[in-house]
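Here the structure comes first, spelled out in structure tokens, and everything after it is commentary.
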Amino acid sequence: MFCVYDLHSHSTASDGTLSPAELVCRAAVAGVRVLALTDHDTTSGLEEASAAALDCGLMLIPGVEVSVTWNGQTVHILGLNVDRDNPALQQGLSGLRSFRDWRAKEIAKRLEKAGISDAYEGALARSNGTLVSRTHFARYLVEQGVVSDERKVFKHYLVKGKPGFVPGQWAKLDQALEWIHGAGGVAVVAHPARYRMTRTKLRRLFAEFAELNGEAIEVVSGSHNRDDYFTMAKHAGDFGLLASAGSDFHSPENPWIELGRLPMLPDNCTPLWSNWVIDSDRSASRKAV
Ligand code: AMP
Ligand code: MN
Ligand code: MN
Ligand code: MN
């Protein structure tokens, strides 16, 4: 049995390769009933995704994955069920996108020194023109034949200590939670097992997050292994946090996990969605049209 909730995914509005409508329909066909679109630092894909969700018969949760710098390290906080018209949220996200623009040019300058030319233009051309991610640089370098796959681009060019690395200057944790809560949403620590943190530091993150009234952590994630599920379930319990599940799907060519294949949460977790009212009638009635 697979989990019918998938509360973390990406479209061409950020670094995914499917349009919001294509993503939603692929998820519906794969058996996902409730999908959150959580593009990096933007909500621009939500309108198209919501319309597609009505046609495909799944429930779309409006979301965003906010880039945060916490103790000198980048962490990702999902905002789910946010009101995308909220001015403070939009202003905050707009500031993060301005940093992205500056960073993209800076990454390209540094790659130029490492002998890779036109990387800004290459990354921009692979994006939707409004948000450039390191993933777009990775795709450019792979297509140029510099390295064989995206993972290797990150490893050899885009992470700390490598030629194209530019440190993040993202939102502060408390700001991100303010934006999310102010927009009526709930906050979730994305893929916590992926951060290269000691157990002590990770628990400090959870403690601060809980103190700021954050709601949940991703226990099941496309980038977690089975051991991680149980470790994160234990942390969630220890800090009184709810558990979430999300594939972090980016593309059919390179899925960390395919849509519709997320395992169920461990039994000892309280799911984030346990008190959600699922509006399946609305989508079901539209489906019949
Ligand atoms: P950015 O937010 O622009 O710094 O880019 C972060 C994104 O890069 C993540 O959301 C992933 O989609 C992708 N990413 C990060 N690390 C890796 C990796 N090792 N291999 C492939 N993709 C990665
Ligand atoms: Mn991404
Ligand atoms: Mn992430
Ligand atoms: Mn993500």
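Assorted remarks:
- Selection over the range 82-133 of residues that are of a type in the set (Lys, Arg), part of a loop (DSSP other than H, G, I, E, B) and outside the structural domain of residue 215 (by TED's automatic domain parsing) gives a count of 1.
- The set of residues in the range 81-107 being free of Cβ contacts under 8 Å to residues at least 40 places away in the same chain and farther than 26 Å from residue 36 by Cα consists of 102, 104, 105.
- Residue 151 being more than 21 Å from residue 45 (Cβ to Cβ) and open to solvent by 60 Å² or more (accessible area, probe 1.4 Å): yes
- Of all residues making up the range 191-213, the number that are over 28 Å from residue 255 (Cα atoms) and not in a helix (DSSP H, G or I): 2
- Pair list, Cβ under 7 Å, 6 or more apart: the range 205-226 residue assigned by TED's automatic domain parsing to the domain that holds residue 178, other residue in a strand (DSSP E or B) and surrounded by fewer than 17 Cβ atoms within 10 Å (Cβ to Cβ): 220/263
- Residue pairs whose Cβ atoms lie under 6 Å apart, sitting 6 or more positions apart in sequence or on different chains, and linking a residue in the range 62-78 that is at pLDDT 95 or above to a partner that is of a type in the set (Lys, Arg), are 62/84.
- The residue of the range 89-142 that is nearest to ligand 3 (Cβ to nearest atom), among those that are out of contact with any His (no Cβ under 9 Å at 6 or more places or on another chain), of a type in the set (A, V, I, L, M, F, W, C) and open to solvent by 20 Å² or more (accessible area, probe 1.4 Å), is 99.
Per-residue answers, yes or no, for (1) of a type in the set (Gly, Ala, Ser); (2) within 20 Å of residue 39 (Cα to Cα):
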position: 164; (1), (2): yes, no
position: 185; (1), (2): yes, yes
position: 232; (1), (2): no, no
position: 237; (1), (2): yes, no
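The values are calculated or read from the model by the stated rules, or taken from the named source; none is laboratory data. Just so you know, these numbers come straight off a predicted model, no measurement behind them. Counting neighbours? That spans all protein chains shown, and the Cβs are built from the backbone with ideal geometry, glycine included. Protein only, heavy atoms only, side chains kept; ligands, DNA and RNA dropped before computing areas. Shrake-Rupley method; radii C 1.70, N 1.55, O 1.52, S 1.80 Å.
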